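One structure is given here, and the rest of the page talks about it.
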Amino acid sequence: MRNPFVMECGNYKTKYNHDMALFTIPRVKMRMILLIALFALVPLFTSNYVVGLATLCLIASIGAIGLNILTGFTGQISIGVGAFLGVGGYTSAILTTSLGLSFWLAVPAAGLVTAFVGGIFGIPSLRLKGLYLAIATLAAQVIILFVISRWDGLTGGTSGMVLQRPSIGGYTLMSASSYYYLCLVILLFTTIFSLNLFRTRTGRAFMAVRDQDVAAQIMGINLFNYKVIAFAISSFFVGIAGALMGHYTMIVSPELYSIDVSIQYLAMILVGGLGSILGAILGAFFITLMPVGLSYFTEVLSVFLPNAGHQLAAIQEIAFGAVIILFLIFEPGGLAHIWSNIRNYFKLWPFTY
Amino acid sequence: MLRVHNLETVYSKIIVSLKGVSLEVPEGKIVALMGSNGAGKSTTLKSISGLLKGEGGQIVNGSISFNNESLNGLTPDQVVSKGIFQCIEGRRVFKHLTVEENLLAGAYTRKDRNQLKPDLERVYHYFPKLKALKGRAAGFLSGGEQQMLAIGRGIMAKPKVLLLDEPSLGIAPLLVKEIFHNIKEINKEEGTSILVVEQNANVALSIADYGYIMENGRIVLQGKVAQLLDNDEVKDLYLGGGSNGRNNYRNTKTYRQKKRPV
Amino acid sequence: MPALEVENVSLQFGGVKALVDVTYHIEKGEIFSLIGPNGAGKTSMLNCISGLYSPSQGSIKFMGKDIINMKPHKRTNLGISRAFQNIALFSQMSVLDNLKLGRHTKMKSGLLSGGFYWGAAQKEEVAHRKAVEEVIDFLELKDIRHTPVGRLPYGLQKRVEVGRALALQPELILLDEPMAGMNSSEKQDMARFILDMNALQDMTVVLIEHDMGVVMDLSDHIAVLDFGKLIGFGTPEEIKENEAVISAYLGEEEDEEVS
Amino acid sequence: GGEEGASSTQDAEGEADVAEAGDTVKIGALYDITGGTGDVGSPYADGEEAYVEWLNENGGIDGVTVELIGEDYAYDISEGQRIYQTLRDRHEVAAVLGWGTADTEALRQQVANDQLPYFSAAYSENLKDMDESPYNFLTAATYSDQGRAVVQWIKENHEGDGDPTLALLYNDTAFGRSPVEDIKEYAAEHGVEVVDEQVIDVAATEAQSQMLNMQSKDPDYAIIQQTWGATSTILREAQTLGIDTQFIGLNWATGEGVIDIAGDAAEGMIGVVTHAFPYEDLEGLGEIEEYLETQGKTLEDIDQKFVQGWVTASIMAEGIRNAPDLTGDGIKEGIEQISDLDLNGLAAPVSFSADDHAGTKDIRLAQVKDGQFEIIEDYFSHEDYE
Amino acid sequence: MTFFMQMLVSGIVVGSIYALVALGFVLIYKASDALNLANGEFVLIGAYVCLTLITIFQIPFLLALAITLAVNAVIGLGVEKTVLRPLQNAPVISVIMATIGLASLLGGIVHLIWGHQTRTYPQIFPATPIRAGDLVITPVYLWSFVIVMTLLLLFTLFFKYSKMGLAMRAVADDQMAAQSMGISVKKVFAVTWAIASIVAAVGGVLLGNINGVNATMAIIGLTVLPVVILGGLDSIPGAIVGGFTIGIFQSMAGGYLDPMVGGGLKEVVPFILVVFILMLRPHGLFGKGGIERV
Ligand SMILES: Nc1ncnc2c1ncn2[C@@H]1O[C@H](COP(=O)(O)OP(=O)(O)OP(=O)(O)O)[C@@H](O)[C@H]1O
Ligand SMILES: Nc1ncnc2c1ncn2[C@@H]1O[C@H](COP(=O)(O)OP(=O)(O)OP(=O)(O)O)[C@@H](O)[C@H]1O
Ligand SMILES: [Mg+2]
Ligand SMILES: [Mg+2]
């Protein structure tokens, strides 16, 4: 086998569909397969702790891809992700716990219901732009959560609902690694779907709406339809993420879906890279793992400042803010851009410059 | 005198745009800078006015000086306060400000604030259309009206050197004449030196004292206006006429892109 | 049959009359120019045709069909495309994607088929890529097909705009100052493109341009607007002689020398 | 992978070693220090940590050292989830000291699965449910029981004719709404009429419309289920509007902080006291004072919430002392053996059993007089009247 | 009727605090097209600084207030220089995200310095409510009403007639073009952030006098978002009218609707109202729309 980590420099494509393939070079394809295999092996050589964190990252990645479709690719800033995660979580909870539907049907249904709700809240996007729309999504968040916490009969009100882990033929996916695999597969699907989406007609139309909506209209793009579709498809993935999270923590309650969650997701796609699928995934990992990293860091610090335990919490907060700011200042392209720089560097290596 | 010496610039740290440009704008003169799309004309102006940085570009070599004072590394506002004002490409009027507020913004650095009123009148005199529109948000103006406004801001600034980037862009022929006529007036009346980037070589050369032609980030030709007007290549590529008069647009058979002097 | 019939169109913004009772017809397959002083209402006229503005009165028919109440994207479906005066490209996307967007209405694939990239969607992408490559060839954009358009110089961006409008293979193409900011030789190239598309694809062209050389050389008919009113209509020869047009727009001498 | 199991860690079969001197048992903790409830959360966290430090310094639990691993989750539930995973998988703790209602309820299925006994400062009646939360323990009277006791007290002490009338003031969270239905039901059964309910946000800086609404119903009493900030807002608005309703705060609405913020508007307010004030004359405060001295501090430096944290940790320690082994299950068993644990006056004695995880129903009542809560009713529960 | 009047008055006075905080948002938006989501933290810092000066350093209130405004201005300047200036050419969403980061960072610092306990101001404004017939108003609220009206007047004049005001609007419109006019974007940003922080500090001091100071006070930053949007992001009068409108609606909803739905509408009503208004006026009551010409 040729070394898959060596990059190609010149390669010529003779057919359009080669030029248009997802992974243009066989080695890249190889590398992707290796990467996936690596992820698949994680539970085999790490602890439950790592697998548990990785699961959170995978779920966040699905949601972040969803948000990036709307905000990064279609240019509609949304501060309402939190509530849409909630809609997904609650739908699945209601379907499985109250109606006894199987997890395997409930999760896609959660995606669809969230897509529907997202689509409805996307309707104002026809008239609203930029920050006005952003605040309208914030309004969506507040209103949805209000409804959830008041619709006692359906949602159990403020005390929430309990859910179960899924099972296949009597075997419950209770262990850390089984749920991890489930999330991995769904993330894989999400990734491939969105990569495809943005190299075909609908995805291009989304980006056109983002870059220049007047011109997009003249290209024959029905702004209203596409914006609503963007809200819907984005919410679909967010809803799936919400449902997966619900079954993972085995509970849904209104307080789980605060505006902090929305902000975290925004941070993910910004730190990862707006308008990049890879970026959404990298950002989700980064933002999910950052507090973990920081707490290791503070543990080290506490050796020197033994009595400062409580201060360290504040330091974490400061660090979180600082990291976001530093990213924006020094790497506005996000992690995805760093990644592509590294890749470019190796592509030409050792002939850089 | 404004002097650019051996200027080299890059965008995004890698895209080389100017490859050693030198030019001079003597005091009180009008200098025309011409060249095809992407030649680096705007980049040259932006380097002088300090706006290059905001576009992700930087000067990697060469010097810019005004009356023997170096302008390298100055911020745009410092350059303006030295008396060099650029009317940037693409109009860039302040869309939400009214026409009159746009003009006042042009006079931002001026100290003689009591002179603003008469100068406003002067702009309205040059461009009567603007007077009628003075209370309107500039974003609603037509393309040409915006262009007048952009030049009007330059007049309001009362600079020592005025850098104009394609002032005739999108302007109706009659008005082009008028604008260039006005530019000449300003030059004569106020003694303002002018560096004008222009695609419409005919008009540009009609008022200029000296001309430069740029291609691919380099000055490929320069000279007194009379010399340039005499040059066959210039006639053919920039003045729209071969040695035997004007080309008919209907008759060009081949694409001419590749025929530029490089 | 005329390709476009504009009847008694008027348009107002608050107190501003951008168009006043304008009527003219454009024949199928001709090159038609709209000229007039700045702010005369030329761009507004195109906006009425492409549906971005809705006239306060009048009707606009395309191929005999009344389109006045149609949404802009619907008009594109009928085969009207447009290049803008102020560049309105999708700046973060490559030239290729911009051109593909030009073909949006010609393509079918939707959310699901696109996302799964199933047979039909895949075939479609490839087929349309071919069509787009033809435009790329035609406008000589080969070297930059993968470059994000935001990074291109002004003139090339203008050309990509025209290309995007062209990619639709429209019946009617509206070009708003496609040659602004070009020097003489570049204008000649653009003139060639326009003539070629008109001749090879039998496209009706509506052109707004301030360079009288270009307008007079290329146009079959010319309409002249001033303060929103149609002050002249006819062949280039007729327009050149039209007193009203001369005093409002052309000026006395033909050449552009300034004294 | 993971860490080497100290003797405290569970092993796969559920068989565990018996505790020996020299062992360490790891206890996890979720604090709110910087979050929305940080004002009460941080002294509570201090109290828990202080107790553990004091315990270890005095020989631990029969020689077993307790390692308390606490993190601030800032009242952010998804952060709480992540910290819980860290405590469980990385630190492999044997029990957890938690904090808020929403997060405690959010984790209850997981702790059941992971078999980790869980104490928290949330006294929600939901957690009594042994089917849904078999590993949760309540170390003080539930909010509902607090409310029931208050209803009984009202019933007993109401002067005036007719049935006493009552309003409920709470916020729109799992915590705020937790006792509402139970109190209404209990009041209805016992001849106290609930005439009004008002929702007041935790972070509210004004509550005029709510207080005006309440005023129009003119209740004799109003039960407040809030934290200090909103409680103060309520008291101040009432003072401004000249409302003469007797306010009675449940345990989180009660404490020194209310007086600090509300000033003389707090005068006369009655509060449910689950844990002792440091200025009381109680035997149990001796140990705390002893500990504080080693830190160069006095009882003046702490507040009631510190005591609450201290007591909670001490109950956990008692459970560990009783535990047959140091696994989560072992400790659960140990806690379930606690019977009438005397907390030296710091709180009502607690008892647990395998089918009842509610440690007590007893509360005291105190009233603000001259800027200080003074006990007006010693430990009692609603059952005492029945 | 008294009930109604009292609700109305209550809405107006609460609305004046909203308006004050909303002003901070509008100022920043006018100069940089971005939302400053750290505005709440500026309010918080102002409240703490003044409190510390009064209680720990025993400085009389008015002097302490003056120092607080200065301190906040300096913080605003510092933040502008270190965080916002490098982001001068970044897209709006990045700037917004940066202010979110800033919020977290400043919040952490506040925790480090002042801890988590609620602290209270000594009595500065008279505690006895003013009574007019059956109506009652607390003096602090009355003051905030007076202050907000004064600021409205000042800022309107400033933006309309001063050179700096014009420069700010120009910068918000097109930074590059503004630079080419010789306007120093740096200076404009610096001045804007300084003024916005000062306004926030005033809000903080007033709020602190109402209910003590605690880290959760920063939430006011989020609470007033509907206010800003309702009035229109770029409109000073909009912020004021938005503040009063939301205040009154909240109060009325609290008074008349809450009893019907079981309470809790106060927090939701502003958002519902905002959605309705936006559907009718996509740029709020007084906001200017984007101008798009092709
Ligand atoms: N912001 C930018 N980033 C990257 N490259 C740029 C940028 N601006 C200009 N360039 C490149 O620099 C070169 C010179 O551009 P410049 O705008 O100076 O040309 P010009 O002569 O003014 O052309 P035109 O007549 O089209 O305005 C071009 O190749 C262009 O692609
Ligand atoms: N959306 C709008 N709102 C207000 N006024 C407008 C609007 N669009 C156009 N106008 C006004 O209508 C008039 C005609 O504008 P238009 O853009 O059609 O001119 P034009 O003929 O294209 O001029 P140019 O050659 O300068 O591009 C102008 O006075 C312009 O200010
Ligand atoms: Mg240029
Ligand atoms: Mg036009």
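What the table shows:
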| item | result |
| --- | --- |
| Residue, farthest from the other protein chains (Cβ to nearest Cβ), within the range C:56-84, restricted to residues that are in contact (Cβ under 8 Å) with a residue 60 or more places away in the chain and crowded, with 21+ Cβ neighbours inside 10 Å | C:Phe62 |
| Residue among C:Glu133, C:Glu140 that alone is modelled with pLDDT under 85, of a type in the set (Asp, Glu) and not assigned by TED's automatic domain parsing to the domain that holds C:Val206 | C:Glu140 |
| Pair list, Cβ < 7 Å and 6+ apart or interchain, from the range D:188-210 residues that are on the phi > 0 side of the Ramachandran plot to residues that are assigned to a loop (DSSP other than H, G, I, E, B) | D:Gly191/D:Asp163 |
| B:Lys46 within 22 Å of E:Gln175 (Cβ to Cβ), within 13 Å of ligand 3 (Cβ to nearest atom) and either within 18 Å of the chain's Cα centre (by Cα) or not acidic (Asp, Glu) (or both) | yes |
| Filter pass, C:Val16 being surrounded by fewer than 24 Cβ atoms within 10 Å (Cβ to Cβ) and within 16 Å of ligand 4 (Cβ to nearest atom) | yes |
| Hits in the range D:126-181 - residues which are within 14 Å of chain E (Cβ to nearest Cβ) and over 14 Å from the mean Cα position of the chain (by Cα) | D:Ala167, D:Leu168, D:Leu169, D:Tyr170, D:Asn171, D:Asp172, D:Thr173, D:Ala174, D:Arg177, D:Val180, D:Glu181 |
| Test: residue in the range C:249-256 that is surrounded by 23 or more Cβ atoms within 10 Å (Cβ to Cβ), modelled with pLDDT of 85 or more and out of contact with any Lys or Arg (no Cβ under 6 Å at 6 or more places or on another chain) | no |
| Any chance C:Val20 is within 13 Å of ligand 2 (Cβ to nearest atom), under 18 Å from C:Lys229 (Cβ atoms), touching a residue at least 60 places away in the same chain (Cβ under 8 Å) and in contact with a strand residue (DSSP E or B) (Cβ under 7 Å, 6 or more places away or on another chain) | yes |
| Criterion: more than 9 Å from chain A (Cβ to nearest Cβ) and buried (at least 21 other Cβ atoms within 10 Å of the Cβ) - qualifying residue of E:Val79, E:Val110 | E:Val79 |
| Neighbours by Cβ (under 7 Å, 6+ apart or cross-chain): first from the range B:187-209, polar (S, T, N, Q); second within 16 Å of ligand 3 (Cβ to nearest atom) | B:Gln199/B:Glu166; B:Gln199/C:Gly181; B:Gln199/C:Met182; B:Gln199/C:Asn183; B:Asn200/B:Ser168 |
| Matching residues in the range C:118-152 - criterion: being within 14 Å of chain B (Cβ to nearest Cβ), surrounded by fewer than 18 Cβ atoms within 10 Å (Cβ to Cβ) and out of contact with any Leu (no Cβ under 8 Å at 6 or more places or on another chain) | C:Asp137, C:Glu140, C:Lys142, C:Asp143, C:Thr147, C:Pro148, C:Arg151 |
| Residue among C:Ile87, C:Ile49 that is at the interface with another protein chain (Cβ under 10 Å from one of its Cβ atoms) and within 16 Å of ligand 4 (Cβ to nearest atom) | C:Ile87 |
| Condition met for A:Leu138 (touching a Gly at 6+ places or on another chain (Cβ under 7 Å) and at the interface with another protein chain (Cβ under 7 Å from one of its Cβ atoms)) | yes |
| Selection count where residues are more than 10 Å from every other protein chain (Cβ to nearest Cβ), free of Cβ contacts under 8 Å to residues at least 60 places away in the same chain and in a loop (DSSP other than H, G, I, E, B), scope the range A:157-174 | 3 |
| Test: D:Asp72 is within 8 Å of chain A (Cβ to nearest Cβ), of a type outside the set (A, V, I, L, M, F, W, C), touching a residue at least 60 places away in the same chain (Cβ under 8 Å) and touching a Phe, Trp or Tyr at 6+ places or on another chain (Cβ under 8 Å) | no |
| Selection within the range D:106-165 - under 16 Å from D:Gly191 (Cβ atoms) and touching a Gly at 6+ places or on another chain (Cβ under 9 Å) | D:Lys155, D:Asp163, D:Pro164 |
| Pairs with Cβ under 9 Å, 6+ apart, first in the range C:1-14 and more than 21 Å from C:Lys65 (Cα to Cα), second small (Gly, Ala, Ser) and surrounded by fewer than 18 Cβ atoms within 10 Å (Cβ to Cβ) | C:Gln12/C:Ser56 |
| Criterion (of a type in the set (Asp, Glu), in a helix (DSSP H, G or I) and more than 10 Å from chain A (Cβ to nearest Cβ)) met by exactly one of D:Glu105, D:Glu53 | D:Glu53 |
| Residue that is nearest to D:Asp89 (Cα to Cα) [pool: residues in the range D:112-125 that are surrounded by fewer than 24 Cβ atoms within 10 Å (Cβ to Cβ) and more than 13 Å from the chain's Cα centre (by Cα)] | D:Asp114 |
| Within the range C:152-259, helices (runs of 4 or more DSSP H) holding 1 or more residues that are of a type in the set (Phe, Trp, Tyr) | C:154-167, C:184-200 |
| Test: residue in the range E:203-226 that is of a type outside the set (Lys, Arg), within 14 Å of chain B (Cβ to nearest Cβ), crowded, with 21+ Cβ neighbours inside 10 Å and touching a Lys or Arg at 6+ places or on another chain (Cβ under 9 Å) | no |
| Leading residue by the ranking (nearest to ligand 1 (Cβ to nearest atom)) among those in the range B:174-197 that are more than 27 Å from B:Met1 (Cβ to Cβ) and in contact with a Pro (Cβ under 9 Å, 6 or more places away or on another chain) | B:Val176 |
| Verdict on B:Glu24 being more than 16 Å from ligand 2 (Cβ to nearest atom) and closer than 15 Å to B:Gly211 by Cα | yes |
| Residue list for the range C:166-179, restricted to those being surrounded by fewer than 24 Cβ atoms within 10 Å (Cβ to Cβ) and within 16 Å of ligand 4 (Cβ to nearest atom) | C:Glu177 |
| Residue in the range C:70-93 that is away from ligand 2 (no atom under 13 Å from the Cβ), of a type in the set (Ser, Thr, Tyr), closer than 21 Å to C:Pro178 by Cα and part of a loop (DSSP other than H, G, I, E, B) present | yes |
| Single match in E:Ala196, E:Ala177, E:Ala200 (criterion: within 14 Å of chain B (Cβ to nearest Cβ), in a helix (DSSP H, G or I) and crowded, with 24+ Cβ neighbours inside 10 Å) | E:Ala177 |
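Rundown of residues vs (1) surrounded by fewer than 19 Cβ atoms within 10 Å (Cβ to Cβ); (2) more than 16 Å from ligand 2 (Cβ to nearest atom); (3) closer than 12 Å to B:His5 by Cβ; (4) charged (D, E, K, R), yes/no style:
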site	(1), (2), (3), (4)
B:Ser42	no, yes, no, no
B:Lys46	no, yes, no, yes
B:Glu55	yes, yes, no, yes
B:Glu69	yes, yes, no, yes
B:Thr75	yes, yes, no, no
B:Val80	no, yes, no, no
B:Ile84	no, yes, no, no
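The values are calculated or read from the model by the stated rules, or taken from the named source; none is laboratory data. Treat the numbers as computed from the prediction; the structure is a model and nothing was measured. We place every Cβ from the backbone using ideal geometry, glycine too, and count neighbours over all the protein chains shown.
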